[in-house]
Amino acid sequence: MPRLRDPAELRSRVAAAPVARLATLRPDGAPRLVPISFVLVDELLCSAVDQVKSKDHPRLARLSDIAHDSRVSVLIDHYTPDWSQLWWIRIDGTAVVHDAGELWERALAALTVKYPQYADQPPNGPVIAVTPSRWSGWVAAR
């Protein structure tokens with residue numbers, strides 16, 4: 001299986017990707033998987049609760065999951081009908097929720113730069129910051 005191993009290539013692919021999937025653990029141990037917008041800030045992968053995409057309330061279940069068990073995985077992948085161009089990267093780590101502070105401000109600013117959809121309504125909710133403990137990846141062709 002062709003693995004992605006080069007840290008610079010892993011980081012570059014992740015930084016350029018528009019969407020990822022965040023996996024958290026529910027209190028009963030079942031996985032919860034949700035799509036997220038995200039940005040890399042230093043060595044952290046950050047995502048914020050925003051107002052652009054419809055939500056019932058800003059205190060999302062993923063935030064409660066992280067409070068209960070900080071272990072998470074983030075999957076970033078590229079799909080195309082040309083299967084020779086497929087790839088995926090998984091980041092396993094621990095997450096912390098920030099409601100204010102320097103990292104919160106930097107993450108929100110970086111998300112606003114990455115996503116034009118935030119131009120009129122920048123995110124201002126809690127930020128999930130994932131500290132990676134392991135990066136792994138696969139690419140269809142080398």
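Details
- Residue 106 over 21 Å from residue 8 (Cβ atoms) and not in a loop (DSSP other than H, G, I, E, B): yes
- Which listed residue is at pLDDT 95 or above and open to solvent by 50 Å² or more (accessible area, probe 1.4 Å), from 97, 113: 113
- In the set (1) without any contact (Cβ under 8 Å) to a residue 12 or more places away in the chain; (2) touching a strand residue (DSSP E or B) at 6+ places or on another chain (Cβ under 9 Å), the condition left unmet by residue 87 is number (1).
- Scanning the range 114-142 for residues that are hydrophobic (A, V, I, L, M, F, W, C), over 16 Å from the mean Cα position of the chain (by Cα) and outside any loop (DSSP other than H, G, I, E, B) turns up 138, 139.
The values are calculated or read from the model by the stated rules, or taken from the named source; none is laboratory data. As the structure is a computational prediction, the values presented were derived from the model and not from experiment. Virtual Cβ from ideal backbone geometry, glycine too; neighbours counted across all protein chains shown. To get the accessible areas, we keep the full protein, side chains included, count just its heavy atoms, and leave off ligands, DNA and RNA. Shrake-Rupley method; radii C 1.70, N 1.55, O 1.52, S 1.80 Å.
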